[in-house]
Amino acid sequence: MTIQWFPGHMTRAKRQIQAKLKLIDIAIELLDARVPLSSRNPMVDEILSGKPRLIVLNKSDLADPKVTEQWIEYFKYEGHETVAVDSSTGTRIGDIPMKAKEILKEKIDRQLAKGMNPRAMRGLIVGIPNVGKSTLINRLAGRNIAITGDKPGVTKGQQWIKTTYEMDLLDTPGILWPKFEDELVGYRLAMTGAIREQILNVEDIAFFAVRELVERYWPAMQERFKLDKAPSDPTDSDEVVRVMEDIGRRRGCLVSGGQVDLEKTSGIILRELRSGNLGRITLEAPFPAAAGRPGE
Ligand code: G4P
């Protein structure tokens, strides 16, 4: 889904989500486990303020499990319960209603004390485009539902989707925008495939990816692309380009004259990274010792 975000759209998105918050018990904030910071909306605390919230690290099948555990700890420290799931296969999605029930325990207990029969919990999934909102809703529902975002100007009644758990979901997830004024965020989202390549140049994205991977996941790079030795200085652009050229040669991406076709090579690098062929990779770590620099 391609969305052009302008200030007016952001204001509308914020209002639309806040209107939905009145209908629900809990907000489910979906993040990409490979880039939990870059896939986070910069205003999410303000937008969801006052609502019980569960953070869900999606696409954890593609992320470094060690760092995912650290993110769970980190968000807990921030005061948010967090679970890691893979919506494409449904792995651990049952943790979502289970944790939600824990978060809402007091409310549910109060209803029980009043002799009320608690109804199914009501949730809203929010997140940036391509983080996996529709995939998760379909998995929780146990069937395929055509999920659309809110269309500006179209007013329609909210529908509840019954899931196979004690939880109903609003049929239109809340679509949030990333912090795209930050160039680093843009590149990281492009590396994961959340931002389409038409917006940023494919060679630039691959250059950025190789630079990060050389620094953080050199053994995986070396093994996958059969590379010789690590560049002595991964911050040196010439050395990064040399790694890209080595990969191109290994994969036979040559043009006449024996030059490496960097565009084709870039396509291969990004495809392998996104499909998990390079292994489970996380680009952002909460603690310095994990996947690299803290908080980046
Ligand atoms: P959205 O509603 O938030 O915009 O995202 P959507 O569900 O459309 O998911 C975006 C892409 O991410 C889809 O791939 C989807 O299959 C993939 N995806 C969602 N959750 C997971 C997950 O936990 N693990 C992995 N590995 N992938 C996930 P796509 O290539 O755009 O579409 P498709 O080829 O799967 O149809």
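Details
- Output for region 19-68, where each listed residue is open to solvent by 20 Å² or more (accessible area, probe 1.4 Å) and either touching a Pro at 6+ places or on another chain (Cβ under 7 Å) or among the aliphatic types (A, V, I, L, M) (or both): Ala19, Leu23, Leu37, Met43, Leu62
- A single entry from Gly193, Gly186 fulfils the requirement of being small (Gly, Ala, Ser) and within 16 Å of the ligand (Cβ to nearest atom): Gly193.
- Flag if Ser49 is of a type outside the set (D, E, K, R), without any contact (Cβ under 8 Å) to a residue 24 or more places away in the chain and within 15 Å of Gly174 (Cα to Cα): yes
- Hits in region 238-260 (condition: among the hydroxyl-bearing types (Ser, Thr, Tyr) and in contact with a helix residue (DSSP H, G or I) (Cβ under 8 Å, 6 or more places away or on another chain)): none
- The set of residues from region 41-59 being within 14 Å of the ligand (Cβ to nearest atom) and closer than 21 Å to Asp95 by Cα comprises Val56, Leu57, Asn58, Lys59.
- The listed residue being closer than 23 Å to Asn130 by Cβ, crowded, with 21+ Cβ neighbours inside 10 Å and not basic (Lys, Arg), out of Leu283, Leu184: Leu283
- Counted residues, region 204-216 - those being open to solvent by less than 30 Å² (accessible area, probe 1.4 Å) and either of a type in the set (S, T, N, Q) or in contact (Cβ under 8 Å) with a residue 60 or more places away in the chain (or both): 5
- In region 106-142, the residue that is nearest to Gly90 (Cα to Cα) out of those that are part of a loop (DSSP other than H, G, I, E, B), within 16 Å of the ligand (Cβ to nearest atom) and in contact (Cβ under 8 Å) with a residue 24 or more places away in the chain is Gly132.
The values are calculated or read from the model by the stated rules, or taken from the named source; none is laboratory data. All of these numbers come straight from a predicted model, not from anything done at the bench. Cβ: placed from backbone, ideal geometry, glycine included. Neighbour counts: every protein chain shown. For accessibility, only protein heavy atoms count, side chains too; no ligands or nucleic acids. Shrake-Rupley method; radii C 1.70, N 1.55, O 1.52, S 1.80 Å.
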